[in-house]
């Protein structure tokens, strides 16, 4: 599995912690850190980052994204507005476990600011550890796994039918939004190198 780590600039000081924690517990995966880091000149909101999450997944450049913002809620909602993204909200280890086992999505958002007291780091580590503790999509509880997994596939099919494709979405965004996304050169370059879909082709044609 290829996993991207990227969170909003509002929580840039937590980037290394988030990245190191994902690397620790997803040790068999390739983990790529896209920031946002404290030394980046451009500040990216959770809306900006959610578009990048969508691009990374829609291009098949990565398989899964760990993201977040101050509350985690805004990022989750924004990511779920992107075609093809199923993003969970994981403020606790059990939320992370149930999401990956039942919903089997491709992104998860964690709170990095809200109620982030002295125990915040410990809760984040426990949450990421639980997220990657078992293979995704096994269903839970196990005695109802078949029904749970069937519902998950139905949800994914309904979402696909109800959404536009990602290139169409990008073509409807205003120029300023696209220009800002294109300034995140590490994300754009990675997609151009590793992406395998029409999203990659669309990015290659942009002249920003």
May I ask you to verify whether residue 54 is surrounded by 22 or more Cβ atoms within 10 Å (Cβ to Cβ), touching a strand residue (DSSP E or B) at 6+ places or on another chain (Cβ under 7 Å) and within 30 Å of residue 161 (Cα to Cα)?
no
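What number of residues within region 121-150 are in contact with a strand residue (DSSP E or B) (Cβ under 7 Å, 6 or more places away or on another chain) and under 15 Å from residue 99 (Cα atoms)? I'd like the intermediate steps shown before the answer.
We begin by selecting, within region 121-150, every residue in contact with a strand residue (DSSP E or B) (Cβ under 7 Å, 6 or more places away or on another chain); these are 124, 127, 131.
Those left that are additionally under 15 Å from residue 99 (Cα atoms): 127, 131.
Within region 121-150, residues that are in contact with a strand residue (DSSP E or B) (Cβ under 7 Å, 6 or more places away or on another chain) and under 15 Å from residue 99 (Cα atoms) number 2.
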Checking residue 92 against (1) surrounded by fewer than 19 Cβ atoms within 10 Å (Cβ to Cβ); (2) farther than 21 Å from residue 72 by Cβ; (3) touching a helix residue (DSSP H, G or I) at 6+ places or on another chain (Cβ under 8 Å); (4) without any contact (Cβ under 8 Å) to a residue 60 or more places away in the chain, which test does it fail?
(2)
Odd one out for residue 157, checked against (1) surrounded by 14 or more Cβ atoms within 10 Å (Cβ to Cβ); (2) modelled with pLDDT under 95; (3) closer than 23 Å to residue 84 by Cβ
(1)
Residues of region 29-51 being crowded, with 22+ Cβ neighbours inside 10 Å and either closer than 20 Å to residue 170 by Cβ or free of Cβ contacts under 8 Å to residues at least 12 places away in the same chain (or both), in sequence order, are 34, 44, 46, 49, 50, 51
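Enumerate the strands (runs of 3 or more DSSP E) found wholly within region 1-105, keeping only those where 1 or more residues are within 21 Å of residue 179 (Cα to Cα) and at pLDDT 95 or above. Talk me through it step by step, then tell me what you get.
Working: elements: 2-5, 30-33, 64-69, 87-89.
Counting at least 1 such residues, we get no strands (runs of 3 or more DSSP E) at all.
The values are calculated or read from the model by the stated rules, or taken from the named source; none is laboratory data. Note that the structure is a prediction, hence the values are computed from the model and not measured. Virtual Cβ from ideal backbone geometry, glycine too; neighbours counted across all protein chains shown.
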